[in-house]
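Computed from the coordinates by the stated procedures, all read-outs in this text should not be read as laboratory data. None of these values were measured; they are calculated from a predicted model. With ideal geometry, Cβ positions are generated from the backbone for all residues, glycine too; neighbour counts draw on all protein chains shown.
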Amino acid sequence: MTTMAQVICGLARRWCFGALGSPLQVPCLQALPLHLGRTATRASQRDLENAVHQVKLWKKDPGNEVKLKLYALYKQATEGPCNLPKPGMMDLVNKAKWDAWSALGSLPKETARENYVDLVSSLSAASEPPSPAKPAADGEQAGGDLVVTSENHITTITFNRPAKKNAITTQMYQDIMLALQAASKDDSVLTVLTGNGEYYCSGNDLTNFTDIPPEGPEEKARTNAILLREFVDCFIDFPKPLVAVVNGPAVGISVTLLGLFDLVYASDRATFHTPFGPLGLSPEGCSSYTFPKMMGPSKAAEMLIFGRKLTAQEACAQGLVTEVFPDSTFQKEVWTRLRAYTKLPPNAVRTSREVMRSKGRERLHAVNAEECGALQQRWLSEECTSAVVRFLSRRGKL
Ligand SMILES: CCCC/C=C/CC(=O)SCCNC(=O)CCNC(=O)[C@H](O)C(C)(C)COP(=O)(O)OP(=O)(O)OC[C@H]1O[C@@H](n2cnc3c(N)ncnc32)[C@H](O)[C@@H]1OP(=O)(O)O
């Protein structure tokens, strides 16, 4: 049985761009600009580790050719010449990796290390520095994959990766937590989550699973479980009313979290999909508790276990959505209503919110912990890894 670890661990563990891209684009390795003649300073193990870290910070995908070269150099630097059996003709990805590594022949480990460091250094110099996330304060604060604005006592956190259907990256989880922390202290009355473009959000970015650390997939599952637990805890503990302005389809964690929101306004274009069964996953975002409570166990099971996708109207009938609006007037109607709500006495709003949430908070934390524990196991399962590999390879990401 092939696990995702076997498929992608060696392939992508050292960079965060999600593997090699289409195997049909396998490069000519000789064309890479290497600084083979460097002798003035020898690269140390620490230099190598720094370079690996640097690669993780790159925002721009360097392309298949470079990623293959980095893979090969890293393997040569850490394990020496390739002595693995040649993969079969149909195993395109592993064959490309094997070819790249074997092409380095008997290049000494130290030289491979040096070439890796030089290659990263020349590419880093040519690329933009990463833009750190900024929490919300007054006015627009952060660009990039997450946009945070504060206006008229409403702080709005917008998923801003329309080309990827607003899938949530690891960095975005961190940025959302920062934005929520800032929003809990700013002068806003309401905090809104919404999406830019056609989608509200397509859930967890499935390429997150390809960024396997040197310690292996178990470590990745462990850190993911911690991240998820902290992320969901931020929603459980958030002290002000949370509003979802669901502008289009919502998938995965962007749906499950809705059970922790106070208001969910949806365009009639929106759909609500938790494909955990097909993905070999189990529910998160406290939905194993909030969904059965809100819609009854059988409707919740249909969504969370069997992956039934709901229309906005169906989600409204189940209590997941507060109100559905025609897409043509959605933004105007929703924002008008929200602006009116901000005129309510803020302390009364906050107190009501607190008495409504406080009773269930302990329970929600316990549910969150249990769900994250179950997912930590699921992420390492053959069922999950095959499903993720299927998604990524269909889209040419492996
Ligand atoms: C650490 C915390 C972990 C928390 C765990 C949470 C669990 C979940 O959220 S599970 C749900 C995960 N999400 C999915 O399974 C959705 C996957 N995406 C899709 O099924 C489809 O992309 C779509 C139905 C959302 C849209 O399909 P459509 O045919 O219209 O567009 P595509 O060509 O597929 O997508 C465009 C573009 O966007 C990329 N993309 C979309 N969703 C994701 C995603 N979730 N992760 C990574 N990438 C995604 C897709 O690959 C395309 O990219 P390219 O243009 O580069 O090919």
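Overview of values
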| quantity | calculated |
| --- | --- |
| Per-residue Cβ neighbour rank within 10 angstrom, fewest leading, I236, I253 | I236, I253 |
| Which listed pairs, of K299/K343; K97/K309; K165/K332; K97/K220; K240/K332; K185/K220, have C-alpha distances above 28 Å, in listed order | K299/K343; K97/K309; K185/K220 |
| Burial ordering of C201, C384, C82, fewest other beta-carbon atoms within 10 Å first | C82, C384, C201 |
| Segment 334-398 versus segment 188-254: alpha-carbon centroid distance in Å | 7 Å |
| Anisotropy class of segment 218-269 from Cα gyration tensor, a/c 1.5 cut | oblate |
| Test item: Cα-centred dipole of segment 140-245, Lys/Arg +1 and Asp/Glu -1 on Cβ, debye | 200 debye |
| Extension gain (nm, one decimal) between S393 and Q45, 0.36 nm per residue minus Cα-Cα | 122.0 nm |
| Sequence of H53, H153 once ranked by neighbouring C-beta atoms within 10 Å, starting from the fewest | H53, H153 |
| Anisotropy class of segment 140-299 from Cα gyration tensor, a/c 1.5 cut | rounded |
| Using a Förster distance of 30 Å, the FRET efficiency for A163-S298 (Cβ separation, nearest 0.05) | 0.20 |
| Segment K86-I226, length gained on full extension (0.36 nm per residue, minus Cα span) | 46.6 nm |
| Cα shape, segment 260-395, gyration tensor, a/c 1.5 rule | oblate |
| Percent of C-alpha pairs per 5 Å bin, segment 316-398, short to long | 3, 10, 8, 10, 13, 12, 14, 13, 10, 6, 1 |
| Rounded FRET efficiency, nearest 0.05, which uses the C-beta distance separating R337 from A317 and R0 of 30 Å | 0.90 |
